[in-house]
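The values are calculated or read from the model by the stated rules, or taken from the named source; none is laboratory data. No experiment lies behind these values; they were computed from the predicted model shown. For neighbour counting, all protein chains shown are included, and Cβ atoms are generated from backbone atoms with ideal geometry for every residue, glycine included.
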Amino acid sequence: MTANIKNQNPMARVLSLRDFRLLFAGTATSLLGDQFTLIATPWLVLQLTQDPMALGIVLALEGIPRALFMLLGGAITDKFSPRSVMLTASILRFLLTALLAVLVFLNIAQIWMIYLIGLIFGIIAGFAVPAENSIVPMLVKEDDLQAGNSIIMGVTQLAGFVGPTVAGLLIGAFASSNMGIILAFLIDAATFVVSASTLWMIHSETRSIDQETKSEESLWKAIQAGIQFLWADRPLRLMFIVLMSVNFLLMGPLMVGIPVLADRRLPEGAAAFGLLMSAFAGGNLVGFLVAGSLPHPPAAYMSSILVTVIGSFGVVVGALGFLNNTWVDFSLLALTGLGNGYIAILLFTWIQTRTPKDRLGRMMSLVTFSSTGLVPISQALAGLISKWDLTMLFALAGSLVLLVTIWMA
């Protein structure tokens, strides 16, 4: 029996674990529900104000505190446990989402209420995200960690595919009233109940931290210790710098440049935009699945894989400024997504296995911050450059990524 388990595909081996299945079920359900609120909230804001700037304020109020509270959230995760932080976050998110549904149902929702709820959502996310990125190593063996990460990240990508379409159809079916928005919020609230229930039933979460030390260490000292650990570990420090640099150079041009490219240069217009974003997202999903199914590459090959894949990112992004064929762009972005999904799993797993479990929450908060902290600045700069010269945006981003690749090599 033991031999059969060892010979299983690593993804099947992970899914044979009761507590991981509970995590997977709760995560998948909650992520799908999140897509309903993701669609319903902008629709509600625009109905209340008819002002795109108000929508921008809501998004900023969610995004800024998420980034600001990320390090504190990591320290809280290490002080208690990923499961307890996620359980608390699910309960609070249920209350907020249910409140949104009630406000809309009673027809008393006002924009300041949406601002306040968005701010609270952002603060909760600052605590929840490090916990969500830290729980898998507590439930699966190190040999299966890559497969566990690929399943969780893969279902995240899949929910992003399915959820918005279903939510849009639901809200559109009640276009003459707010009933679609109310139902969307209620569905999301129900998924948080499922998430909280599955987290409550998880029992095998392991901890490797002394309880007395954990209670005596102040949060500020815990945050300092996490940063010092990262900076003292040269490979981790270099990876942190690379992640921050590449995400800063690529996320703005991709998120801002691709819709502008579709609008200005591709004959299919909005349809081309949807195709290109689907290509990148679909490539990511395939990359996650490939990484979860294959064994982790030998350490000697990791550097070469990273240099090759990140270098190819630079080439593809630079080429987008000169290629005006939708299907060529589609193919390139699909391959880029595949590479991105594959190395995302490799790096995520490598960082988790290299970090002691009692510091995992803080480390994952730093990694998440390196991936997302500078994205708003990247988007703003991309918007300015694309307004001036779209080809320059892609060429400059691609060239700078290639310089980072040369530095890595």
- Can you find a residue in segment 296-314 that is surrounded by fewer than 22 Cβ atoms within 10 Å (Cβ to Cβ) and under 20 Å from S134 (Cβ atoms)? yes
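Scan segment 360-409 for residues that are of a type in the set (D, E) and crowded, with 21+ Cβ neighbours inside 10 Å and jot them down.
Answer for segment 360-409, where residues must be of a type in the set (D, E) and crowded, with 21+ Cβ neighbours inside 10 Å: there is none.
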- segment 186-237, subset modelled with pLDDT under 85 and farther than 20 Å from L72 by Cβ, residue surrounded by the most Cβ atoms within 10 Å (Cβ to Cβ): E205
- Please work out which one of (1) within 17 Å of the chain's Cα centre (by Cα); (2) surrounded by fewer than 19 Cβ atoms within 10 Å (Cβ to Cβ); (3) closer than 28 Å to I181 by Cβ is the condition L68 fails and give its number. (3)
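If we keep just the residues of segment 97-140 that are among the polar types (S, T, N, Q) and surrounded by 17 or more Cβ atoms within 10 Å (Cβ to Cβ), which is modelled with the highest pLDDT? Before the answer, list the steps.
Narrowing segment 97-140 to residues among the polar types (S, T, N, Q): 97, 107, 110, 133-134.
Then keep just the ones that are surrounded by 17 or more Cβ atoms within 10 Å (Cβ to Cβ); that gives 97, 133-134.
Values: T97: 97, N133: 89, S134: 91.
Here the residue is T97.
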- Can you confirm whether segment 364-373 contains a residue that is more than 29 Å from G126 (Cβ to Cβ) and under 21 Å from the mean Cα position of the chain (by Cα)? no
- Query: Could you list, in sequence order, the residues of segment 284-304 that are modelled with pLDDT of 85 or more and either outside any helix (DSSP H, G or I) or over 23 Å from V14 (Cα atoms) (or both)?
  - Reply: S304
- Query: Can you name every residue in segment 324-333 that is crowded, with 20+ Cβ neighbours inside 10 Å and either of a type in the set (A, V, I, L, M) or in a loop (DSSP other than H, G, I, E, B) (or both)?
  - Reply: L332, L333
- Note on the structure: Going through (1) in contact with a helix residue (DSSP H, G or I) (Cβ under 7 Å, 6 or more places away or on another chain); (2) free of Cβ contacts under 8 Å to residues at least 40 places away in the same chain one by one, L384 fails only at (1)
- Could you check, for segment 285-294, whether at least one of its residues is assigned by TED's automatic domain parsing to the domain that holds D389, surrounded by fewer than 18 Cβ atoms within 10 Å (Cβ to Cβ) and in contact with a Pro (Cβ under 8 Å, 6 or more places away or on another chain)? yes
- Query: Does S134 satisfy the criteria of being under 25 Å from R354 (Cβ atoms), among the polar types (S, T, N, Q) and out of contact with any Ser or Thr (no Cβ under 6 Å at 6 or more places or on another chain)?
  - Reply: no
